[in-house]
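Working notes for the structure below.
The values are calculated or read from the model by the stated rules, or taken from the named source; none is laboratory data. A quick note: this is a predicted structure, and the numbers were derived from the prediction, not measured. A quick note on method: Cβ atoms are made from the backbone with ideal geometry, for glycine too, and the neighbour counts reach across all protein chains shown.
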Amino acid sequence: MTSLQLTSPSWMIIPVILPLIAGLLSFLLNRGIFAIALTAALANLLAVSILTCQLLSYGPMRCHMGGWQPPLGITLRTDGPALLMLLMTAVTGLAITLYARGYFSYRILDPKRASQHQHQQRYFWPLWLLLLAGLNGLFLSSDIFNLYVTLELIAIAAASLAALSGKPASQLASFRYLLVNLLGSITFLLGVVFLYKSCRVLDLDLLHNVPMNKPGISAALALMSVGLLLKTALVPLHFWLPPAHANALAPVSIILSALVVKGSFYLLFRLWFEVFAQLITTPALNVMGTLGAVAILWGAIQAMRQHRLKLMIAYSTVSQLGYLFIAFPLARIDGSTQVWSIVIFMAMAHACAKSAMFMVAGTVFLHLGHDRINDLTGIRANLPITVLAYGIAGVSLMGLPPSGGFIAKWLLLSSALASSQWWWALVVIIGSLLAMTYVFRVMSRFFVIPEGYSSAKSTPPSPLLEWPALVLAMISLFLGLAASWPLYILSTGNPALAQVFSGGLP
Amino acid sequence: MNWGQWLLVSILLSSFIPGIIIFGVPEEKHRLRTGLNLCGSILKIVLILAMDTGIYFGHNFEIRLPLIPGVELLLNGDPLSALFATLSSVLWLLTTIYAVGYLEGSPNRSHFFGYFSLCVTVTIGIALAGNLITFLLFYEMLTLTTYPLIIHRGTEKSLHAGRNYLIYAFSGGAVFLFAVVALQTIIGPTDFATTGFPSSFIDTHATVLAVIFVLLIIGVGVKAALVPLHGWLPQAMVAPAPVSALLHAVAVVKAGAFGIIRIVLDVYGAQNLLLLGVLPLLGGIASITILYGSIRALQQDDLKRRLAFSTISQVSYIALGISLVDQPLAVIGGLVHLVHQGLMKITLFFCAGNLAETLGIHRISEMDGVARRMPFTMAAFSIGALGMIGIPPTVGFVSKWYLGLGGLAAGNWWVVLILAVSSLLNACYFLPILTRSWFGKQQGPWPEELYVGRFETRLMLLTPPLVTAFIVIAAGAVANAQISPLAWVRFIVRKYGL
Amino acid sequence: MKTEEKILRQAQNRNKRLDAFQRLLLFLIICLITALGTIIWIIPDDTPGLADAVVSMQEHSGVESSVTAVLLNFRGYDTLLEVMVLLLAVIGAWSLAKAPFPRQVTNTSPVQMGVVRLLVPLMFLVAAYLVWQGSHLAGGAFQGGAILGAAGVLLLVTDLPCLRAIPAQLLRIGLVLGPLLFVGVALFCLFFTGNLLGYPEETAGWLILLIEIACAISIGLTLSSLFAGGHPEYERPQSNNPTESSGNGEKP
Amino acid sequence: MITTLLYSMTGLLLFAMGFFTLIVHSHPLRKILAVNVMSTGVFLILVATAYKPLGMGQIDPVPHAMVLTGIVVSVSVTALALLLACRVQETSNLDLPGRKKQGRIPEESGQ
């Protein structure tokens, strides 16, 4: 066991291997599946925490699979951004696991559809665990082809999950989702081919040091970016997202909205601001920023127009993804240090808040049997915790202080104004106001108590349905108050960032 | 953490913790809830008085929580925050008592009192905020916590009012956020200081700073109900009376006015603003608001709406006084009106609520002879109304006296003119109410007589207005004493070295 | 009648001719392809590539075929995830539908039966050979698995009972066997050498062969299962309601 | 050199054809096939990358491994997509996604 000391980089593979094994077992076995899933989620969180400790004590690490150094072998690596994404996934993943348990248990209670729901639960767990493994693999991997494989793993698992509800609408949406993902993957792969043709290496670190003056590399980056944008659903490539996210089962919506889109975005961001940073031009950044701005406004306006809660939340995802891209043109100013913190913060706050929102939507759906926004009255009396979770998550989505969303927005605004690009700031402000409109449109319905409504009408739902949402919402809220910790992790091993954040840290 | 920091934290927690507990209290346990509320508010008053004493003797209360570089939360007890905090906490106690009586037997009280407590926590947070970011934090939270109170009745009308309130308040908040960020990128951290930021920035960024000042004033002006940003306030009248009292006297409108004071005195500083030359703008808008509010109030028959427009008018006295920042007397008049207006307006709203709850009277045309049925309530109302007009020895006279003196000292005769016209208008819309109620003849039965008992109405509804009415006279009569709002305001103005 | 024909013809014409959008698209694609083609043209072909690195490490990999060495040793982690992708497809397929048994092919001709009976054992043999050969020549688990899958497909379309006779649990074990063994070996290596999939040099060949055999079986089963198009009917959880015929989704 | 280029260009052509079909045609089967053609094109380019004329040095095995992986992934996705398409056609009378009818997904409750 000498090989597994705390200093060993081999810890890195645990977040990938563990959910893989758990996924295999949950497919193989008939009983105790939830125990396996819960163990995997907990162990994953533990492993990621260990990795964080490792990072903070020893700095970024690399783990060569099979002991083969690049360019021959595949390398996994940890650094600040990767670990924050892993932490986000682990925490959200644990909450999702618990919520899904509560969700399926509640639905199986319905005798008419029990077998259908059992079937869904039976396949939900292996798909979810393998998806988790894929995500962790994506965040850790440092090999461009391996990244393609993890993307495929995620895409297949996500598409299967999206179709799980069995409704025609969800299957159609899932089919589209799969095709779009496939198109994205193939375009990405074509980019990889161009890259390999030009450089003959696959490792990101080695690619970073390759001279960037070849046209093949630019073409490769363009192709890979288009593929990833398709998967990240940046306007105008977002058409597939709302139906897929809104028609899926509630736990699946959470996974898709909070985690899956973040995976491809994270990869895109890494490629742009780390590996191929030399290739990035200001016009390209401005194009991304413009698309992001359009996404913010368009998504928010669409969200305001929806009549169903889940569709509204799905369009809100489209809008919130725009914030991630609007950070792009601000990167040039501070030599791309600030942009990391904006994006990571935004991603984490959004993951927590959006999961909480979809959980609320799922619980409300279970409770009322529908999610039509106009008829959501009376929820406050029966599901106070759920309503509270919705409110707090909404605060984070709106970017009100002291939520994590606020910190991200603050960073966005201040770098926009510091670089005299005030129009981005304007878009951010308008976006938050629109977010306010759609969040409170639902909130006000929650507060209405219809005539003759008795609060003792129904049994309180299981705590597994309500508490994960509240905890996640709280995390998204307190992310702002404890903002220095993520920034500290982010800056570890990154001298440029460390310099920026040297002031005001604990 | 030293004792001063603990004190600051416990001032906030003294209403926050009861609020959180109250959310979980079952609906029918009203004794527990009332007990929690009263304990919390009395404890808060005691703590704030302790802080006031400390501040008077020069102790520095400060607590910092850095979030990211350039963004930190800062709570800071200075004389100005003590003024607002004391006012809010005292009025909160009275409003709580009133609300307990007012909402007896109505549904969803746990929610109501929960949000009520949170709302006061946030207001005290605004009072204690030591930089613009903290101010912004609590300012936005105030919107969030008052929203459920405004839509408490859950009717379509209240939802509509609530939506408009949100749109106004969050738009203001967004403008404010933009301005804060812009200001920070120029001058760095925006901690409140008695002199404002260094005047060297004026040389380099004069135009931008002037624009930012306007944006900041727009941001807080929404809550302070400056014309044309006042639209939400009359609509918010659909809320229950204690909420109106909260909006008009304790928290929301006051937070806006307080924000104007902070921005003028602490963020920009008197000297910088005089250099920038943007103050006449503020004074002009304040004057317009004063006149506009009074004229609109004249047209209203609904009692609460008339009071709402009266608030719009009266709160701008504060802005008017502050806009004459080079005249200490005017500043004193403005600052002291923060307290005085709160006392008078809360009295009026309590009384209006009493009329509505006891006799179902909502309109002025229904008030003939009501003073014979409810003499104490109408006596309190009359004191409040006379104070609004500015009759000595009420507190209203003190405010207007100082404002007028300040205006004269600055050679701004128009200030005196505005005051005179406004007082005349005040008289025009309050005196008819008084004559109707005291000397009018009752026209048929009351619209809806809800309470018949030993007193004219429930004791918990009657006591708070009497207490505030008493303070309105007492604080005016002893304005020159050692302990009075005026004395404290003088202390503040001395600190600013005006 | 006339108008209907007209409409029909118009529709056909519309199908044949490209509308404005399609032309624009075509134009854009042509531009794109020209650009990409030009770039391929000018990419210099002199970069050395990884061939030399593979060759120099070949002797430590435990196999003689360089592709197998890359696939299962140097980049074994990729292959591990890839096996998972295959399994994931089966899980996804099973979650979607139940296999439509019995198939439409009810009267298989005796010729087909005979051919299948002859072919299937031969295919098993070829598959085994391919797997075994993979260590030094072209071939390996995927190729072998593909042949096995083809044999499975033949059995399925001939409606021979033998595949359906496999109990669901056994089928699942078979599907998971390859991936699980792969992960097991990977962890075993982690335990002994400190590297995931870092085979000890002396046993590398054997471990790789073991993985290949297991994976070939699983891949064969996977492909057959994918062809079957859903989870085995009898595997469905017991329903309280006997009238409910479909395990998931709703009848239209 | 010419051989490599020939294969690469063919691959690109396949990619383009697939892409065009994917967007223009609305039938799910055509879409799936189109994606398959696209991936085949990419694999072709990848294989061509590894090609070395005799005596010019060792053939690069890494692209071969990558193509193998890619094929496996492609098979899995194709199978899943086909199944999904079947399910969609079985369970619904909805219009399948296509450019002309825009395959509106009805806003029914999704769970």
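Out of the residues in the range A:49-77 that are under 25 Å from the mean Cα position of the chain (by Cα) and within 9 Å of chain C (Cβ to nearest Cβ), state the one that is farthest from A:LEU206 (Cα to Cα). The residue in question is A:CYS63. Taking the numbered list (1) farther than 29 Å from B:LEU159 by Cα; (2) surrounded by fewer than 24 Cβ atoms within 10 Å (Cβ to Cβ) in turn, B:PRO240 passes all entries but (1). Within the range A:394-431, being more than 7 Å from chain B (Cβ to nearest Cβ), buried (at least 24 other Cβ atoms within 10 Å of the Cβ) and within 15 Å of B:PHE176 (Cβ to Cβ) holds for A:MET398, A:GLY399, A:PHE406, A:LYS409, A:VAL428. The listed residues are A:LEU161, A:LEU127, A:LEU135, and the only one of them that is under 18 Å from the mean Cα position of the chain (by Cα) and at the interface with chain C (Cβ under 8 Å from one of its Cβ atoms) turns out to be A:LEU127. State whether the residues of the range A:83-98 include one that is of a type in the set (S, T, N, Q) and either within 10 Å of chain C (Cβ to nearest Cβ) or under 19 Å from C:LEU80 (Cβ atoms) (or both). No, the range A:83-98 contains no residue that is of a type in the set (S, T, N, Q) and either within 10 Å of chain C (Cβ to nearest Cβ) or under 19 Å from C:LEU80 (Cβ atoms) (or both).
Conditions tested, residue by residue: (1) within 8 Å of another protein chain (Cβ to nearest Cβ); (2) part of a loop (DSSP other than H, G, I, E, B); (3) surrounded by fewer than 24 Cβ atoms within 10 Å (Cβ to Cβ); (4) out of contact with any Phe, Trp or Tyr (no Cβ under 9 Å at 6 or more places or on another chain).
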{"position": "D:LEU33", "(1), (2), (3), (4)": "no, no, yes, yes"}
{"position": "D:MET38", "(1), (2), (3), (4)": "yes, no, no, no"}
{"position": "D:THR49", "(1), (2), (3), (4)": "yes, no, no, no"}
{"position": "D:PRO53", "(1), (2), (3), (4)": "no, yes, yes, yes"}
{"position": "D:GLY70", "(1), (2), (3), (4)": "yes, no, no, no"}
{"position": "D:ALA79", "(1), (2), (3), (4)": "yes, no, yes, no"}
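Of the residues making up the range A:147-158, those that are in contact with a Ser or Thr (Cβ under 9 Å, 6 or more places away or on another chain) and facing chain C (nearest Cβ under 8 Å) number 4.
Anything in the range B:352-361 that is farther than 19 Å from B:THR435 by Cβ and surrounded by fewer than 24 Cβ atoms within 10 Å (Cβ to Cβ)? List them, or say none. Give the steps one after another, and end with the answer.
First pass over the range B:352-361, keeping only residues farther than 19 Å from B:THR435 by Cβ: B:353-354, B:356-358, B:360.
Within the range B:352-361, B:ALA356, B:GLU357, B:GLY360 meet the criteria.
Within the range A:103-116, residues that are under 18 Å from A:LEU368 (Cβ atoms) and within 10 Å of chain C (Cβ to nearest Cβ) reach partners that are in a helix (DSSP H, G or I) and not hydroxyl-bearing (Ser, Thr, Tyr) with beta carbons closer than 9 Å, at six or more positions or on different chains, in the pairs A:ARG113/A:ARG107.
Name the residue, out of A:SER185, A:SER170, that is in contact with an Asp or Glu (Cβ under 7 Å, 6 or more places away or on another chain), of a type outside the set (Val, Ile, Thr) and buried (at least 24 other Cβ atoms within 10 Å of the Cβ). Reasoning before the result, please.
Working: A:SER170 fails: in contact with an Asp or Glu (Cβ under 7 Å, 6 or more places away or on another chain).
Step by step, each of A:SER185, A:SER170 is checked, and only A:SER185 is in contact with an Asp or Glu (Cβ under 7 Å, 6 or more places away or on another chain), of a type outside the set (Val, Ile, Thr) and buried (at least 24 other Cβ atoms within 10 Å of the Cβ).
Every test in (1) at the interface with chain A (Cβ under 10 Å from one of its Cβ atoms); (2) over 24 Å from A:MET398 (Cα atoms); (3) without any contact (Cβ under 8 Å) to a residue 60 or more places away in the chain is passed by B:ARG153 save one, and that test is (3). Can you spot a residue in the range C:181-195 that is within 30 Å of D:CYS86 (Cα to Cα), touching a helix residue (DSSP H, G or I) at 6+ places or on another chain (Cβ under 7 Å) and either in a helix (DSSP H, G or I) or not aliphatic (A, V, I, L, M) (or both)? For the range C:181-195, residues within 30 Å of D:CYS86 (Cα to Cα), touching a helix residue (DSSP H, G or I) at 6+ places or on another chain (Cβ under 7 Å) and either in a helix (DSSP H, G or I) or not aliphatic (A, V, I, L, M) (or both): absent.
Filter the range B:202-231 down to residues that are without any contact (Cβ under 8 Å) to a residue 40 or more places away in the chain and either in a helix (DSSP H, G or I) or closer than 20 Å to A:SER419 by Cα (or both), then give me how many there are. Please lay out each step first, then the result.
Residues of the range B:202-231 that are without any contact (Cβ under 8 Å) to a residue 40 or more places away in the chain, as a first pass: B:203-205, B:207-208, B:211-212, B:228.
Filter once more, so that each one left must be either in a helix (DSSP H, G or I) or closer than 20 Å to A:SER419 by Cα (or both): B:203-205, B:207-208, B:211-212.
Result for the range B:202-231: 7.
Quick check, is D:THR10 at pLDDT below 90 and either part of a helix (DSSP H, G or I) or more than 7 Å from every other protein chain (Cβ to nearest Cβ) (or both)? Spelling it out, it is not the case that D:THR10 is at pLDDT below 90 and either part of a helix (DSSP H, G or I) or more than 7 Å from every other protein chain (Cβ to nearest Cβ) (or both). B:ASP78 satisfies every condition listed in (1) of a type outside the set (Phe, Trp, Tyr); (2) touching a strand residue (DSSP E or B) at 6+ places or on another chain (Cβ under 6 Å); (3) more than 14 Å from chain A (Cβ to nearest Cβ) except (2). When each of C:LEU36, C:LEU87 is tested for being more than 30 Å from A:HIS117 (Cα to Cα), buried (at least 21 other Cβ atoms within 10 Å of the Cβ), within 14 Å of chain A (Cβ to nearest Cβ) and modelled with pLDDT of 90 or more, the lone residue that passes is C:LEU36. Annotation note: of B:GLY35, B:GLY54, B:GLY40, the sole residue that is exposed (fewer than 14 other Cβ atoms within 10 Å of the Cβ) and not in a loop (DSSP other than H, G, I, E, B) is B:GLY35.
Per the listing C:VAL120, C:VAL153, C:VAL131, the residue uniquely within 19 Å of D:ILE71 (Cβ to Cβ) and modelled with pLDDT of 90 or more is C:VAL131. Quick check on my filter: what residues within the range B:408-467 are of a type in the set (D, E, K, R), part of a loop (DSSP other than H, G, I, E, B) and over 28 Å from the mean Cα position of the chain (by Cα)? Hits for the range B:408-467 are B:LYS441, B:GLU448, B:GLU449, B:ARG454, B:GLU456. You will find that of B:VAL331, B:VAL336, B:VAL325, the residue that is of a type in the set (Val, Ile, Thr), more than 25 Å from B:PHE376 (Cα to Cα) and touching a Pro at 6+ places or on another chain (Cβ under 9 Å) is B:VAL336 and no other.
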